[in-house]
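The values are calculated or read from the model by the stated rules, or taken from the named source; none is laboratory data. The shown structure was predicted, so the numbers you read here are calculated from the model rather than taken from an experiment. Neighbour counts are summed over all protein chains in view; Cβ atoms, including those assigned to glycine, are modelled from backbone coordinates with ideal geometry. Accessible surface is based on the protein model in full, side chains and every heavy atom, while ligands, DNA and RNA are left aside. Shrake-Rupley method; radii C 1.70, N 1.55, O 1.52, S 1.80 Å.
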Amino acid sequence: MGAALAEAEAAGARGEVPIGAAIVRHGEIIARAGNRTRELPDATAHAEILAIREASRTLSAERLGECDLYVTLEPCTMCAGAISFARIRRLYFGATDPKGGAVVSGVRFFASPTCHHAPEVYPDIGEARSSELLKRFFAARRSADRP
């Protein structure tokens, strides 16, 4: 989770929502990314999607069944779908996202009967630090918006 948190911090420093992800295979980080939706500009450039793309390129494979994904925030529906299609083995995430999350919140994508593959899910890993990054980022944005 340390690599995902470092990616989240880097994303925040770039003015992106501070969310980071890392993909591990056999104990080795093979991909890592932070949000880049503003930089690219691309609504699909979430940390999870970018990390899955990098891991797939690294392994020359669309399926990542021997891989574990670490992400600082509960994935949204789009990212949960990508995790399922990539056949990620395990998902570890930090903070839950009651508004936009789709794993233990919201639509609970992996529990859907139309979900093709559900990873093992481990929430609340690094939750305090993940939450603090997000809270600081949005507090700074709110104070910058005030006259």
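Quick look at the numbers
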| item | result |
| --- | --- |
| Residue count for the stretch 55-65, restricted to those that are among the small types (G, A, S) and open to solvent by less than 10 Å² (accessible area, probe 1.4 Å) | 1 |
| Per-region count, the stretch 19-48, residues open to solvent by 30 Å² or more (accessible area, probe 1.4 Å), aliphatic (A, V, I, L, M) and outside any strand (DSSP E or B) | 2 |
| Positions within the stretch 3-18 being part of a helix (DSSP H, G or I) and either at positive phi or open to solvent by 50 Å² or more (accessible area, probe 1.4 Å) (or both), in sequence order | E9, A13 |
| Single residue of A102, A55, A51, A80 found to be assigned to a helix (DSSP H, G or I), of a type outside the set (S, T, N, Q) and in contact with a Phe, Trp or Tyr (Cβ under 7 Å, 6 or more places away or on another chain) | A80 |
| Tabulated pairs, the stretch 11-31, first without any contact (Cβ under 8 Å) to a residue 24 or more places away in the chain, second open to solvent by less than 30 Å² (accessible area, probe 1.4 Å), C-beta under 7 angstrom, 6+ apart or interchain | E16/G34; E16/N35 |
| The one condition in (1) of a type in the set (D, E); (2) open to solvent by less than 30 Å² (accessible area, probe 1.4 Å); (3) part of a loop (DSSP other than H, G, I, E, B) that D68 fails to fulfil | (3) |
| Residue check for G100: out of contact with any helix residue (DSSP H, G or I) (no Cβ under 7 Å at 6 or more places or on another chain) and at pLDDT 95 or above | yes |
| Sole residue being crowded, with 17+ Cβ neighbours inside 10 Å and either at pLDDT 95 or above or in contact with a helix residue (DSSP H, G or I) (Cβ under 8 Å, 6 or more places away or on another chain) (or both), chosen from F109, F85 | F109 |
| Which listed residue, of A95, A55, A61, is at pLDDT 95 or above and under 13 Å from the mean Cα position of the chain (by Cα) | A95 |
| Top-ranked residue in the stretch 88-99 [being in a loop (DSSP other than H, G, I, E, B) and more than 26 Å from R136 (Cβ to Cβ); ranked as most open to solvent (accessible area, probe 1.4 Å)] | R89 |
